[in-house]
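Report on the structure given below.
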Amino acid sequence: MRSIRLEPTDAIGGVLVTLIGLVTAGISSQYPIGRISNIGPGAFPLALGIIMVLLGLGIIAGSVGRTGSIPQPNWRAAGVVMLSLTCFALLIGSFGLVPAILVSAFIARFADNRFHFRRVFVLACSLALLCWVIFIALLGLPIAVLELPL
Amino acid sequence: MMEFIGHAGQGFATALSPQTLLFCFLGVTAGTFIGVLPGIGPLATIAMLLPLTFYLDPTTAIIMLAGIYYGSQYGGSTASILLNLPGTAGASVTCLDGYPMARAGRAGVALCITTIASFAGGCFAIVVMAVLSPALSKFALMMTSADYFALMLLGMIAAVTLIGDAPLKGLAMVVFGLLVGLMGTDTISGQIRFAFDMPYLYDGLPLVLVAMGMFGASEVIASIGSDSAEWLAKQKITLRSLMPTREDMRRSHAPIWRGSILGSLVGVLPGAGSTIAAFMAYAVEKRVGPNRDALGSGIVEGVAAPESANNAASQTALIPALTLGVPGDATSALMLGALLIHGIAPGPTLIPQHPEIFWGLLASFWIGNLILLILNLPLVGLWVSMLKIPYHILYPGILVFIAIGIYSVNSSHVDVIMVGVLGVLGYALSLLKFPIAPLLLGYILGPLMEANLRRSLLISGGDVSIFWEQPLTLTIMLLALILLLLPLATKGWRRRLAKELPQD
C-alpha cells in the first residue's frame, strides 16, 4: 500500500485551523448578519471563519509530500503549571498570599525530576518573602498576606 | 522650530520629574532583570510586568512601560550573546557574531558594543520620531475609515509574510487573534459574541490575560527541563573586560550609523519591525562592510549593525502605533493595548490632545536609553549571574510572579486559571510550529478593524468599491496584495537569504 507523506505539524495544525474556522462560521451565522450597507455583528466573524477554513485547507495542502516531526511535548510541565496556577487561584482568596505562594511554588517544582524536599522548602519560603517585599511592602497591592478562615 | 523646542522642553520636564525618573529606572531594571532570563523575549517581559503599571497615573505608567520595553530588549541581547538563546527572531541575528565572540572570551566587549549600538540607534530613532510623528498625525487626520481598514490589513499581512517561513500559519494566527479580539459584547449592536454562555467572557478576554498566558505561562512550560549552559559558569566578566579596544570602537562606528538609519526607516513600515531591521542591517554589512568575509566568526561589526538597527526600528515602530493607532508588530500592539488600558486612545488626536504624553514618552525614551547605558555596563556582572541561576530554581518564581500579577489586576481567581489555560494553548500552538506573536497583533486590531469596516460600508451605503476608489486606499490595498503574494514570488530569494544568514 502506498502511503501519503504528511508533515505532521502542518497537517494537525491545518486541521485545527479548519475546525476553528468551521466552528466560528457556525456560531457567527447565528448572530444577525445585517445588510451590506449596515453589517451586523455576525458578518465580520463569519467572513473571518471562512477565511480561516481556507487557510486551514491551504496549510493541510502544504503538508502533503513533506516529512517532519513534532517536538516531543512536555505534558508533565504543562499539567504542573496548570495545577500550580489553579492552586494559587483557589488559595489566595481564602488563605491569602503567603500560603498561595508556598503551595504553588511547591507544586511547580514537581515539573522536573530534581525534587529535593528541603531545597524546595527553602525556595518556596524565600519566594514568599521576596513577593511579600515586592508586592505588599513596596507596591502596596491590596492582597491579604495571611488569612485563617475560622 | 521654537514650537519644537518648547515641546521637547515640556517633554523633558515631564520625564525628569523625580517620580517619573524613578519609575523609568525601575522599569529599565525590572525589564532587564526579566528580559535576561533565557527564552523570555521582550513580549513576555512586557506582558509580565504590565500589571505593575496599573496603579500609576497614565503618563508615569507609559514611561515605566517604555523603560521595561528597553530593558527587556537589552536583556534579551545579553542572553543571546552569552547563551546563544535568542528571545526573539530579531535577537537571533545578534547571536551570529555575538555568541562566537563570547566563546572567544570577548563576551564583555560584545555586550558593551551592544549597549553602545543600542543607545546610538535609539537616539537616532528618537529624533526621527520627534520629526515624523507630528507630521504623520496631521496627515492621518485626512485618512478615511476605508484607509484605516486597508492600513490594518497591510500591517497584518506584512507582519506575517515578511518574517517567518510559514506565512499561511502566521495568517491563520492573525485571524485567530482577530476572533479572540471580538469576544464579548459588541459595542455597536450589544450582541454578545463567542462567550459560550459564560458571563465571565461577556466583557471579552482582557489583553493582560492573553499576553501573559500566551507569552508568559507558555514560555515557562516550554522552558522547563532546559538548563543554562555549563561553560557560562566559568566565564568571568569584569568591568575591565567590557572595555572595547580603540580598534573595536573604530570598526563599529560605520555599522552603527548604517544600522541606525536603516532601522529607523524599516521600523516605520507597517509589519516590518525590529526583526526585519536586524536581518537587513546584517545583510547590508555582508554586502558593503569592509570585513564582510569575517562576518559570522565573531567580529564587532556583526553585533553593532543589527543591534543599532534593532533598537532604532523598535523605536520608530511606535510611530504608526501612536499617531495612527495602527501597530505594526506585536510588541507595539502590546504597548498600544497598554495605552488603551490607561484610557489613552492613540491616533491622530494623541499629539494635539495629550502633548504631555507624547513628548514625555519621547523624552523618557531617551532617558531610558541613557539609564540603560549607565546601568548596564557596571551591572553586567549581575545580569550574567542571573543567567547562571538554574532554570529549575527560576521557573517557580516566574510562575508565582505571573499569578500575582494577574491576580492584582482584578482580584479574580478565574483570571489566574484562565492564564494557565491560555498558557497550555499557547504551548500547544508553538509545538505545532505556529508563530504566536501575530495572534496578539490580530487581537489588538480585531475590534478596530471591524469598526472601520462597518463605518466604511455605512458611509458608502454598502458600496464595496469604497475600498479601492480613492487613490490612497487603492495604493495601500495593492501593497497589501503584493505582500500577500510575496511569499510565492520570493521562495528562491528566501532560500538564498537563509543560506547567507546561517542559523546553526
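The values are calculated or read from the model by the stated rules, or taken from the named source; none is laboratory data. All of these numbers come straight from a predicted model, not from anything done at the bench. FYI the Cβ positions are ideal-geometry reconstructions off the backbone, even for glycines, and counts take in every protein chain you see. For the accessible areas, the whole protein counts, side chains as well, though only heavy atoms, and no ligand, DNA or RNA atoms are used. Shrake-Rupley method; radii C 1.70, N 1.55, O 1.52, S 1.80 Å.
Per residue of peptide B:413-421, the mean number of Cβ atoms on other chains within 10 Å of the residue Cβ is 5. Which shape class, rounded, prolate or oblate, goes with region A:8-63 when its Cα gyration tensor gives a ≥ b ≥ c as root eigenvalues, a/c under 1.5 marks rounded, and past that a/b bigger than b/c marks prolate? The shape class here is prolate. In region B:185-206, the residues that give up 50 Å² or more of accessible area when the other protein chains are added, compared with the chain on its own (1.4 Å probe), are B:Gln191, B:Phe194. What FRET efficiency comes out for B:Leu379 versus A:Leu139 if R0 is 35 angstrom and r is the Cβ-Cβ distance? Round to the nearest 0.05. So, using R0 = 35 Å, E works out to roughly 0.95. Peptide B:425-435 has a mean shielding of 5, counted as Cβ atoms of other protein chains within 10 Å of each residue's Cβ.
Taking the protein heavy atoms of region A:75-138 in the context of the full set of protein chains, the accessible area attributed to carbon and sulfur is 77 percent at 1.4 Å. Hull volume per residue, based on the alpha-carbon atoms of region A:75-138 and their convex hull, is 71 Å³. Using the Cα coordinates of the protein assembly as shown, the gyration tensor eigenvalues translate into equivalent-ellipsoid semi-axes of 34, 32, 27 Å, sorted from longest to shortest.
Between B:Leu485 and B:Val131, residue separation times 0.36 nm minus the direct Cα-Cα distance comes to 124.1 nm. As a calculated quantity, the FRET efficiency between B:Met198 and A:Leu22 at R0 = 25 Å, using C-beta atoms, amounts to about 0.75. In this label model, A:Phe117 and B:Gln191 are separated by 5.9 nm, measuring between points 7 Å along each Cα→Cβ vector. When the alpha-carbon atoms of chain B are used, the pair Rg, Dmax equals 21.8, 70 angstrom. Counting only other chain Cβ atoms within 10 Å of each residue's Cβ, the peptide A:38-47 averages 6.
Buried accessible surface for the A/B pair, both sides summed and rounded to the nearest 100, is 5200 Å² with a 1.4 Å probe. Computed across chain A, the Kirkwood radius stands at 20.1 Å (inverse of mean 1/r, all Cα pairs). Relative protection proxy for B:77-84, B:203-210, from highest mean packing down: B:77-84, B:203-210 (other beta-carbon atoms within 10 angstrom).
Extension gain, B:Ile5 to B:Met142, is 46.7 nm, computed as 0.36 nm per intervening residue step minus the present C-alpha separation.
Once a ≥ b ≥ c are taken as the square roots of the eigenvalues of the Cα gyration tensor of region A:31-89, is the result rounded (a/c under 1.5), prolate (a/b larger than b/c) or oblate (a/b not larger than b/c)? It is oblate, given that a/c is not under 1.5 and a/b is not larger than b/c. Counting only heavy atoms of protein chains, what accessible area per residue, in Å², does the protein assembly as shown have with a probe of 1.4 Å? Averaged over the residues of the protein assembly as shown, the accessible area is 41 Å².
From the alpha carbon centroid of region B:302-376 to that of region B:104-128 is 18 Å.
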